[in-house]
Amino acid sequence: MKLTRLFSEHPSSVGESYCGHLLQAGSFGLRMVFAGLACVLHGLLPFLFVSTGSAAIKALNEELSSRRAKALRGEAVIR
């Protein structure tokens, strides 16, 4: 398998370029990290970040579901 194919096959399958996919996946990842930290802090101090984790999960799921549906319809999902 060619090296370029390793970097382009999946992004292409979801209607993105490599760079677009990198930015989108990085954005999702950072949002998950921050939401995870909020959850840890909420566990220690239950009065903080009461709905931050669940709100982040819902928002990420809605965005990912929307992007997946667009990719399945063959629409570009690049912002």
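Here, each number is a calculation from the coordinates, and none is a lab measurement. Please read these numbers as outputs of a predicted model, since none were measured by experiment. Using ideal geometry, Cβ is built from the backbone for each residue, glycine included, and neighbour counts are taken over all protein chains shown.
Things to note:
- Taking (1) of a type in the set (Asp, Glu); (2) more than 13 Å from the chain's Cα centre (by Cα); (3) assigned to a helix (DSSP H, G or I) in turn, residue 63 satisfies each apart from (2).
- One residue from 38, 56 being surrounded by 11 or more Cβ atoms within 10 Å (Cβ to Cβ), touching a Phe, Trp or Tyr at 6+ places or on another chain (Cβ under 9 Å) and over 21 Å from residue 24 (Cβ atoms): 38
- Contacts under 9 angstrom Cβ, first residue in the stretch 24-41 being within 10 Å of residue 60 (Cα to Cα) and in contact (Cβ under 8 Å) with a residue 24 or more places away in the chain, partner charged (D, E, K, R) and surrounded by 14 or more Cβ atoms within 10 Å (Cβ to Cβ), 6 or more apart: 28/63
- Among the residues examined, residue 15 does not qualify as loosely packed, with under 10 Cβ neighbours inside 10 Å and at positive phi.
- Selection status of residue 49, in contact with a helix residue (DSSP H, G or I) (Cβ under 6 Å, 6 or more places away or on another chain) and surrounded by 10 or more Cβ atoms within 10 Å (Cβ to Cβ): yes
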